[in-house]
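Asker: Attaching a single structure in structure tokens format; questions to follow.
Just so you know, all these numbers are worked out from the coordinates, no wet-lab data involved. Please read all numbers here as calculations on a predicted model, not as lab measurements. Neighbour counts are summed over all protein chains in view; Cβ atoms, including those assigned to glycine, are modelled from backbone coordinates with ideal geometry.
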Amino acid sequence: MSYFVTGATGFIGRFLIARLLQRKGTIYVLARRGSKAKFQALQERYPDQADRLVPIWGDLTKPKLGIKAAQIAELKGKVKHLFHLAAVYDLAASAESQQAANIDGTRNAVEFAEAIEAGCFHHVSSIAAAGLYKGTFREDMFDEAEGLEHPYFRTKHDSEGIVRNESKRPYRIYRPAIVVGHSQTGEIDKIDGPYYFFTLIKKLREALPSWMPVVGFEGGRVNMVPVDFVVDAMDHIAHKRGLDGGCFHLTDPAPRRVGEVLNLFARAGHAPEMTMRIDSRIFAFVPGAVKGAIGMLPPVRRISRHLLSSLGIPQDMLKFFNYPTRFDNRQTEAALKGSGVKMPDLSEYAWRLWDYWERHLDPELFVDRTLSSRVKGKVVLITGASSGIGLATAIRMAQAQAHVILVARDPEKLEAARQEVARHGGKAFAMSADLSSLESCDELVAKVLAEHGAPHVLVNNAGRSIRRSIALSYDRFHDFERTMQLNYFGSLRLIMGFLPKMTERRSGHIVNISSIGVLSNAPRFSAYVASKAALDAFSRCAASEFSDINFTIINMPLVRTPMIGPTKIYDNVPTLTPEDAAEMVADAVIRRPQRIATRLGIFAEVLHLLAPKIYEVVMNTAYQLFPDSAAAKGQKGGAEAPTSSEQVAFAALMRGIHW
């Protein structure tokens, strides 16, 4: 007994080959000469029986599969079972490619089967052949299909029609549901069906603890089957007598709703589950014309496209959210009776599917997350670069082979920093500027644009911090003016200077080093926090206006730099090193998020929003516990009180917050 298989190197095909190899006979495999590597991989998959796999070079899109007449004559009368699996199984594929593979390819396969007088033509169709039929679609139904406007549904239906109407050989048709990975190994070769939602589940896991309940939608019933069930059922039915002309639904007789399926995968991925699921049918009272009009609104379409694109979900996948079709599979059950081939329960193997996806197919695995992928050969301008966070960041960028422009006020310190940065690779340029002067900012912008063009990354790091209670600031209004001048207006002047060219280039990334104090509202830092809060607010507003420019706010925790040196209590509290802070900046440049903050900072902001009075008491306790320094009181050379154990414990508990 000999077999002929099209699509043998595809996902279902590889597993079908494994089943056929358990039987006797030669297996002829249709292969394109340009895909020799795929055929060799198939042979390597089954090394002990590779000699039983014989390539037949041809082309699915050509008449009689493009196989030479001599080979057709040689195969004539030898092939008892011809399995036609080659097709496009992709909702997002172009209409032309689906027409060529699904319809033209099937017609060519049918002609080839007649030419070699194949014993039986086994056509692998899909439940998509039913279109969007409302109700239960039986195995003996075909012409009743409806909702075939989408190329995928239409070509699957029409290709099955070719087999029914044009095949002169006995045939059997198989309609598998959405095929997922192997129930025992989880193996699959591409992201499809429910896998499109795995990125969303992963993002929920990263954002929320697994025990937190979330709200979601229920959706309709989605029919999924593991690939091993599909090939086991096909293999058994294909070799059972008296079933020619039959159509077999390889489906789950008890499909779950979309919400249930997503919860199973959320459980497998240790992500929060949708405790409350809103049945989308409650929106049925809204007229279709109204929903269509809302969906066509430009803001709605743009937000929808962006959200789906960021999650890697094709727009057409939403058609399956309220999938209206149920599938009767009584003929299949009768054919499989006594075979031992049974549909495994999704709850038993969902974790295997998730595990395989996370280890092999997660899109994040294939994204270059190195800093050099973002900045190699590009201009990165860093202010406050002669020491501390700025210098550590400049070194980090130079190691990634960026062209680093270091900006600081002191020319001597700046040149020393430039030489140190240059030793780490890339190119380093020093430009002295006083960013508290708007004129100096303008001169810097003009010089950078003339010599380097607009920077690809602007890191606004230069800043001034003042630790002094408001009660000691009544006659020091200049404290507020100078912090605002440098921390806000200086940064803003550079942003406004470079934005026109960034916008013209349609790319750019602005990283603003803010403070955890903006989230925690720490006492004694009203001048500093207010200036950083202004920069935060500007960044959020600008981000909504410039779709081509990325804005990132880093709410930096306490870092051990020369700026905090005068405050002696910081000698005994937990702080980040400048190198730690530089890693946060590098992470911002790589991922380009809107905000980077510590969990404590976010918790402080949330607590302040939910229970402001309680938070006020906590902060006032800190205010009483950490007194003003001698310098803040105007006491030159005054001795600082030793740090108490209570202060150390409180600072450790509130790690990274300025006190």
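Asker: Nothing charged except the Cβ atoms of Lys and Arg (+1) and of Asp and Glu (-1): what's the magnitude of the dipole of the chain about its Cα centre? Round to the nearest 20 debye.
Answerer: The dipole of the chain has a size of about 680 debye.
Asker: Another question about this same structure. Expressed in nm to one decimal, what extension gain is obtained for the pair residue 506 and residue 364 from 0.36 nm per residue of sequence separation less their Cα-Cα distance?
Answerer: 48.6 nm
Asker: Just to confirm a number: summing +1 for Lys and Arg and -1 for Asp and Glu over residues other than residue 33 whose beta-carbon lies under 15 angstrom from that of residue 33, what do you get?
Answerer: Neighbourhood net charge equals +4.
Asker: Starting from the Cα gyration tensor of the chain, take the square roots of the eigenvalues, sort them a ≥ b ≥ c, and report rounded, prolate or oblate (rounded when a/c is under 1.5, otherwise prolate if a/b is larger than b/c, else oblate).
Answerer: In terms of gyration-tensor shape, prolate.
Asker: Give the residue from 1, 440, 601 lying farthest towards the positive end of the charge dipole for the chain; charges sit on Cβ (+1 for Lys and Arg, -1 for Asp and Glu) and the dipole is referred to the Cα centre.
Answerer: It is 1.
Asker: Okay, moving on. Select from segment 181-254 those chymotrypsin sites (Phe, Trp or Tyr not before Pro) which occupy a DSSP coil region and have at most 12 other Cβ atoms within 10 Å, ordered by residue number.
Answerer: 211
Asker: Report the Rg/Rh value for segment 321-399, based on alpha-carbon coordinates and the Kirkwood definition of Rh.
Answerer: For segment 321-399, the value is 1.43.
Asker: Follow-up question, since we're still on this one. Around residue 404, with a cut-off of 15 angstrom between Cβ atoms, what is the net charge of the other residues, counting Lys and Arg +1 and Asp and Glu -1?
Answerer: After counting each charged neighbour, the total is +4.
Asker: Would you mind checking the radius of gyration and Dmax of segment 1-176 based on alpha-carbon positions, in Å?
Answerer: For segment 1-176, the Cα radius of gyration and maximum Cα-Cα distance read 16.0, 49 Å.
Asker: At residue 275 and residue 609, where each label point lies 7 Å from the Cα along Cα→Cβ, what is the point-to-point distance in nanometres?
Answerer: 1.9
Asker: Where the centre of each part is set by its Cα atoms, how far does segment 97-149 sit from segment 465-482, in angstrom?
Answerer: 78
Asker: Report the full-extension gain for the segment residue 32 to residue 438: residue separation times 0.36 nm, less the Cα-Cα distance, to one decimal in nm.
Answerer: Answer, rounded to one decimal: 139.5 nm.
Asker: Would you mind working out the magnitude of the charge dipole of segment 360-471 relative to its Cα centre, with +1 at each Lys and Arg C-beta and -1 at each Asp and Glu C-beta, to the nearest 20 Debye?
Answerer: Dipole about the Cα centre, nearest 20: 280 debye.
Asker: Kindly state, to the nearest 0.05, the FRET efficiency for residue 540 paired with residue 41, given R0 = 45 Å and r defined as their beta-carbon distance.
Answerer: E between residue 540 and residue 41, to the nearest 0.05, is 0.35.
Asker: Please give the FRET efficiency for residue 254 paired with residue 577, using the beta carbon to beta carbon distance and R0 = 56 Å, rounded to the nearest 0.05.
Answerer: The value I calculate is 0.45.
Asker: Any idea how far apart residue 206 and residue 351 come out in nm if each label point goes 7 Å out from Cα toward Cβ?
Answerer: 2.4
Asker: Compute the FRET efficiency between residue 97 and residue 23 as 1/(1 + (r/R0)^6), taking r as their Cβ-Cβ distance and R0 = 35 Å, and round to the nearest 0.05. Could the numbers behind the result be given before it?
Answerer: Working: r = 33 Å, r/R0 = 0.95.
With R0 = 35 Å, the Cβ-Cβ based efficiency is 0.60.
Asker: Same structure, new question: If you take every residue apart from residue 210 with its C-beta less than 14 Å away from the C-beta of residue 210, what net charge results, scoring Lys and Arg +1 and Asp and Glu -1?
Answerer: +2
Asker: Putting +1 on Lys and Arg Cβ atoms and -1 on Asp and Glu Cβ atoms, find which of 400, 21, 42 reaches farthest to the positive end of the dipole of the chain.
Answerer: Selected residue: 21.
Asker: Still on this structure: Label points 7 Å out from Cα along the Cβ direction at residue 80 and residue 185: separation in nm?
Answerer: Output for this residue pair reads 2.7 nm.
Asker: Rounded to the nearest 500, what is the 222 nm mean residue ellipticity of the chain from helices alone, with -39500 (n - 2.57) per DSSP H run of 4+ residues and division by all residues?
Answerer: -12000 deg cm²/dmol
Asker: While we're on this one: How about residue 413: which lysines have a C-alpha closer than 29 Å to its C-alpha, ignoring those fewer than 8 places off in the same chain?
Answerer: Straight-distance partners of residue 413: 376, 378, 427, 447, 532, 568, 636.
Asker: Could you tell me which residue out of 577, 324, 247 lies farthest along the dipole of the chain toward its positive end? Charges go on the beta carbon: Lys and Arg +1, Asp and Glu -1, centred on the Cα centre.
Answerer: 247
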